[in-house]
Structures are given as structure tokens and as C-alpha cells.
1. Quick check on my filter: what residues within the stretch 269-281 are surrounded by 12 or more Cβ atoms within 10 Å (Cβ to Cβ) and more than 15 Å from Phe259 (Cβ to Cβ)?
2. Anything in the stretch 159-193 that is among the polar types (S, T, N, Q) and more than 27 Å from the chain's Cα centre (by Cα)? List them, or say none.
3. Taking the stretch 344-357 only, how many residues are part of a loop (DSSP other than H, G, I, E, B) and within 14 Å of Leu260 (Cβ to Cβ)?
4. Does Asn22 satisfy the criteria of being touching a helix residue (DSSP H, G or I) at 6+ places or on another chain (Cβ under 9 Å), in a helix (DSSP H, G or I) and of a type outside the set (A, V, I, L, M)?
5. Give just the number: which of (1) under 15 Å from Arg407 (Cβ atoms); (2) in contact (Cβ under 8 Å) with a residue 12 or more places away in the chain; (3) within 25 Å of the chain's Cα centre (by Cα) does Ala306 not satisfy?
6. For the stretch 316-330, give me the residue count where each residue is hydrophobic (A, V, I, L, M, F, W, C) and more than 31 Å from the chain's Cα centre (by Cα).
7. Pairs please, first residue from the stretch 155-170 and free of Cβ contacts under 8 Å to residues at least 24 places away in the same chain, second anywhere and surrounded by 17 or more Cβ atoms within 10 Å (Cβ to Cβ) and among the β-branched types (Val, Ile, Thr), Cβ atoms under 9 Å, 6+ apart in sequence or on different chains.
Amino acid sequence: MPKVAKELTAIEVKRLNANGPNFVGGVAGLILQISNDGKAKSWLLRTRVGSKRQHIGLGPYPQVTLAEARAAAKTHITNVKAGGNPLAEKRDARIKLIASQASSKTFKDCATAYMNAKSGEFTNDKHRKQWSSTLDMYAYPIIGHLLVADITKRDVLNVLEQQLKDKNGAVIGDLWRNKTATAERLLGRIKVVLDYAIVNEYRTTLNPAQWEGYLSTLLPSPKKIKPIKNLPAIPYAHVGEFMVKLRKNRSISARALEFLIYSGFRSGSVRLAQWADIDFSDKVWNIPADETKTKVEHRVPLSSQAIKFLIELQQFHAAEHIKSPYLFPNLKGKPLSDMALSEIMRGMLERKEITTKAVPHGFRSTFRTWLAEQTSYPDEIRKAANGHKVSDAIVKTYERTDFFDKRRQLMNDWSKFLDQPSALKASNVTPMRRRA
């Protein structure tokens, strides 16, 4: 056992300020460890357990007084003499505490923790709100309060087969069969949350939200319940005529839709596009990573038609003294709302300028269909043009390219196609006006 040092009083201990171990006496091996020029002090017991020397922490000073430290040190020494191992016992107690805390985690606790941990990976705030809202509406009322360790297959089925009611309170059927797309997304989110619980050791048994070979044996396949409906789109054969009609509407929203069609890109990226993202000399639209669905920076080659369009838009901004950094701002200088482009198409449908109940995102389908049926560009170039990840491992490993030069030719071909309406001609175009 260590030699017993001179027994210091509480006043003498208070005056200690030398960095390093300070033996205070009273119990063999009791030390006041000081660091940071006296600003940090803590109690240690240096003793031998079996053949190894151990340093056992007894707490910070002055929260733990000299008398309390000596009492705790004597207890540990007595325990060691009886064959105990204080550090191992402390570790076991900590493990039990963690296990006890883990066993109290509810599904809602884990869902909240998961969303906070992965917040940077949500494509946008809307995506996060969708995650939260589906759980709030359908999952939390049934399993939100349940411990993740206790959730069973029946609990998950209770969520998916919960009864839906109309405005009058009449039952219209269950969630899985009547709102299949929503239920399928909900199941995926429940599974992810329970996977998170398993990885963090809050749960040790099988994930009851597993579909393949598990729930798939109990529920009808979503594909067999209701065929997947693609977003309605303007057929590519009529997109040129649509462009002629669209250009007669000179609002900012209509111009944003026109640029969306030229670029073949997503409406979210178009609405957030800034002048700083446009390289006029190289004819490139540089989309920052946080404004793409894949969270990867993307370059969109701009055709001569698209550049001419942007120059005219820039001139309009100057003439109207618009100071916004955005290409397509609303009246307050902020990005257009998510519904602004949809309202343009809804208005065209009401005026019978178009007969298809299409949506802005459908133009990506229009673009892809034209690529597949009217061009011979390889699949990886078509995917890159749409801003999709090229999934083929060989392409990603060996080619390491975004096919930019080939995509430029593709976008030029697309712009030429857009400028070839089959029957109508651009006429009676009114001046652009500021209207969100």
C-alpha cells in the first residue's frame, strides 16, 4: 500500500494550488489532482488491485469535501482488501445505468433523435416536415408512447391498418388500402426509426417493420392494391406548342416555368436559383449542393436559347429596379413559393390553353421520354442530365465524369426541339410584368 502522507486539514487543502498530484494524508494514496494552475481539482485514490495499480476517481473538489473523499477512499480500500475491484464495479454500474436509460426510450424519443441526427441529410425543410407530419398524424397516436424495445409486429400493423374516417365520421377503410402511397412511406420511416433504435442498442430483437419476407406475408403488395400513378405531364410532341402559349404569360412565375423546361431540372432548384450561380461566359448554371436532391453540386449546361432567355430576364430586372439575388423573386424579393409554378399551369388549364391536367414536375418526365424516344444518348448521360446519381459502380469508379460536354450537346438538341411548335407561332407576346 502507498505510504500515508502528512494529514492535511481542510484549510490546508483549500490552499493547495500546485499542478499535479497532492497527497493529503489520512488515507494511503488519497490525492488531490490539480491542473490548469489550480482552476481544476479532483480527488483520486491511488491503490493496488491485485497486481495492477489503479487510479479511482472520487469526484471534483470542492463539490466533494476532504472528509467525504477520505470516507470514500476508506470504503474502496476495504472493498479491495475483500477482493473487490472498484473500477470494474463502477464500469458495470455505468453499463446497467445505460441499459436502464435505453430501456426507457419510446418510439417518439427515437424518431426525434433520428431526425435531429440526420437533419443535414433531409433534402429540404419540406422533406423534414413531411417526415414529422406523417409520424405525428399516423404513428405517434398508436406507438409514439411505446418503448422501442417492446414494439411488435402487431403494433406496426395497428398503425398501417388503422381505420380512416371521412368528414362525417364514417369509416372509409384502412390506411394501407386507402392511402397506400402514404402508408408505404410511413412504413419506411417506422423501419428507419427502429433500425436507429437497434443500432443504438435500445432494442435487441428483429425490426418488426421489415417488409420483405415479414410484413409482405401479411399485407397485400402496394403495387397490387393500386397502380402507381405517374405525375401528369405534357406529351413531348406538344411541348413546343405549350412553350408558345406559356410565353404569352409574361409573369415571373411563367418565366420560372420556362427556365425549368429549358433546363430539365427540378422546380425547387429553379425557384432558388441566383444570379451568382449563372456563368454567362461558359454558359453554365452551377447549382449548389444544398439545393439539389442528391446533395451533390450539379452543373447544368445552358443552350444559346437559355442564355438569351436569361439575358432578357436580367434586362427586365434592371428596368424594374429589382434588387433580389434570385432569378425569379416574388414581390418581396424572396424565392417564389412552391405553388407559384403550379398555379400557372392550373390557370392555363382553366383557360383551356392546355387540355392535360399536368404539373411542373411532369416536365422532367416529358424531357426523359423525349430523350428515350427521340435521341440515342446513353443512359448514364440521360441520368446525369436529370441530376440523378449514376448508380453503376464501374462508371463511378473508372469514368469519374459528369458527362458535361455530351450533356451540352444534349441540352442544345432539347432547346432546338422546344423551339419547333408543330402548328402555332409565337405572336401577340405581351411585355413581362412583375407578378409572383
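1. Asp279
2. Of everything in the stretch 159-193, those that are among the polar types (S, T, N, Q) and more than 27 Å from the chain's Cα centre (by Cα) turn out to be Gln162, Gln163, Asn168, Asn178.
3. The total comes to 0.
4. So Asn22 fails the test.
5. For Ala306, the exception is condition (3).
6. Of the residues in the stretch 316-330, 4 are hydrophobic (A, V, I, L, M, F, W, C) and more than 31 Å from the chain's Cα centre (by Cα).
7. From residues that are free of Cβ contacts under 8 Å to residues at least 24 places away in the same chain, the pairs are Asn158/Ile143.
Here is a yes/no grid of residues against (1) modelled with pLDDT of 90 or more; (2) surrounded by 13 or more Cβ atoms within 10 Å (Cβ to Cβ):
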position	(1), (2)
Ala358	no, yes
Trp370	yes, yes
Pro378	no, no
Ile381	no, yes
Asp405	no, no
Trp414	yes, yes
Pro421	no, yes
Lys425	no, no
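The values are calculated or read from the model by the stated rules, or taken from the named source; none is laboratory data. Since this is a predicted model, take the numbers as computed values, not measurements. Because the Cβ atoms are built from the backbone with ideal geometry, glycine has one as well, and the counts that use them run over all protein chains shown.
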